[in-house]
Amino acid sequence: MTYIADSERYGTMLYNRCGQSGLKLPAVSLGLWHNFGGIDPFERSRAMARRAFELGITHFDLANNYGPPYGSAEETFGQILRKDLAPYRDELVISTKAGWDMWPGPYGDFGSRKYLIASLDQSLKRMGLDYVDIFYHHRPDPQTPLEETMGALEQIVRSGKALYIGISSYPPEMTRRAVEILEDMGIHLLIHQPSYNILDRWVEDGLLDVLEQEEVGCIVFSPLAQGLLTDKYLKEIPPSSRAARPDTFLNREDVTEQVLRKVGCLNEIAQQRSQSMAQMAIAWVLRKPVITSAVFGASRVEQVEDIVAALNNLEWTEDELDVVESCLADST
Ligand code: NDP
C-alpha cells in the first residue's frame, strides 16, 4: 500500500536556521548509526524512520560505514526511501559522511580526494539518490593537507552530488582554517557535527565560539551519551540495551558507579521538570542558540516519540542549570 504521510507533520516541530545559511534543520534529527544495519529487523528501522518523519523530523543522518555491516544503514535507508519516503524527497535533508575506515587498502580511510569522491559515489548508489543534502568529512586527518580535503568537498558541491558540506569532530583552530579555505573557494561551511552532552563538554572549550563567530551551524551527536543519559541503566543493564549488545561502542564497563551517581542526581531534576531523563538531556544541549539540532539515535518507535516530546519544555532557569552543575561536581 502506498505510504501517505500524516498531513499534520509540520504542526509541532521546531526548525532552526543552520548558521548563516538558508537551510533550516529540525531541533532534533534522527541518526542511523545503530539500529538500521543489515543485522537489524528492517520493519523496525522502517517504522522509526516513518514515525520520525510524521513528527516533523526532516533530517536523517548517515555515514558510509554505518551498519553493521559497513554500508548497510545506507542500503536500509535506500529501501525505506523506495518503499515510503521517496515521494517526499524534497522535504528531506539527508546527510552522509566519509572519513573513518570503510574499505581495505590506502584509499578507504581518512581525508584524501581519492577516498571522499569514491565514497560519496558508493553512498549515492546504496541509497539510490542523485545527491545528498549534506556531505561531511567525518574526522580530522592529520596527514592529508586540509586544502586537499576541502578541495574535494568543494568539487563534490560543484558536481551537484551534495548541496552543502560539513565537517565532524574537527578541533577549533582546524575548523577556523577549514572555514577560511572554503571561503577562498567561494563556499561557506554549512555545519559542524561534534559530540556534545551533559557528560561530554569538549565543545565548550573554544569550538562553539568559533562556530558562532563564523556563523556555522552545529548539530551535536550522541546527546544522550549513547543512552547513558536516560533512566534505563539506573537499576540494571537491560538485555536489549546498547551497553548489553556486543556490536556497539558502548560497553558494560562504561556504565560505572560514578556515571550512575551523576545520572541519578540529574534524573531528579528531570522529574522536577516533568520530563524523562532523555528529554532533559536533549533540552540541555539545545539551551544554547548556537546549537542547530541534536542528532539522536533510537532503537524503537517509542524513543523517537519521547525525544520529540522534549521540545515541549526547552526552558531552563539559572537555578536548574546550577543544580545540573552540582550533580556533575558532587559525584566526581
Ligand atoms: P544518543 O546519545 O542519542 O544515543 C542513542 C541511544 O539512546 C539509543 O540507541 C537508545 O539506546 C537510547 N535512547 C534514545 N532515546 C531514548 C529514550 N527516549 N529513552 C531511553 N533511551 C533512549 O546517540 P547515538 O550515540 O546513537 O548517536 C546519534 C547519531 O549521531 C548517530 O546515529 C549518528 O548519526 C551520529 N553520530 C555521529 C558521529 C560522528 O563521528 N560524526 C559519531 C556517533 C554518532 P538503546 O539502544 O539502549 O535503546
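Would you pick out the residues in segment 163-175 that are touching a Phe, Trp or Tyr at 6+ places or on another chain (Cβ under 7 Å), within 16 Å of the ligand (Cβ to nearest atom) and of a type in the set (A, V, I, L, M, F, W, C)?
Once the filter is applied, which keeps residues that are touching a Phe, Trp or Tyr at 6+ places or on another chain (Cβ under 7 Å), within 16 Å of the ligand (Cβ to nearest atom) and of a type in the set (A, V, I, L, M, F, W, C), segment 163-175 yields Ile165, Ile167.
Using beta carbons and a limit of 9 Å, which pairs, at least six apart or on different chains, have the first residue in segment 308-326 and surrounded by 13 or more Cβ atoms within 10 Å (Cβ to Cβ) and the second one at pLDDT below 95 and not in a helix (DSSP H, G or I)?
Cβ pairs passing all conditions: Val308/Thr12; Leu311/Thr12.
Count, please, the residues in segment 284-307 that happen to be of a type in the set (A, V, I, L, M, F, W, C) and not in a loop (DSSP other than H, G, I, E, B).
Number satisfying all stated conditions: 8.
Given the conditions (1) under 21 Å from Leu25 (Cβ atoms); (2) of a type in the set (A, V, I, L, M, F, W, C); (3) assigned to a loop (DSSP other than H, G, I, E, B), report the number of the one that Phe249 does not fulfil.
Status for Phe249: all satisfied but (1).
Given Ala310, Ala281, Ala329, which one is at pLDDT below 95 and either in a helix (DSSP H, G or I) or on the phi > 0 side of the Ramachandran plot (or both)?
Result of the check over Ala310, Ala281, Ala329: Ala329.
Considering every residue within segment 250-257, establish whether at least one is more than 13 Å from the ligand (Cβ to nearest atom) and touching a residue at least 12 places away in the same chain (Cβ under 8 Å).
Within segment 250-257, not a single residue is more than 13 Å from the ligand (Cβ to nearest atom) and touching a residue at least 12 places away in the same chain (Cβ under 8 Å).
Being among the charged types (D, E, K, R) and more than 12 Å from the ligand (Cβ to nearest atom) narrows it down to one of Arg9, Arg44, so name that one.
Arg9
Tell me which residues, restricted to segment 204-240, are more than 17 Å from Leu25 (Cβ to Cβ), more than 7 Å from the ligand (Cβ to nearest atom) and among the β-branched types (Val, Ile, Thr).
Correct list: Val210, Ile237.
The values are calculated or read from the model by the stated rules, or taken from the named source; none is laboratory data. Everything numeric here is computed off the predicted structure, so don't read it as measured data. Methodologically, a virtual Cβ is constructed for each residue, glycine included, from the backbone with ideal geometry; neighbour enumeration extends over all protein chains shown.
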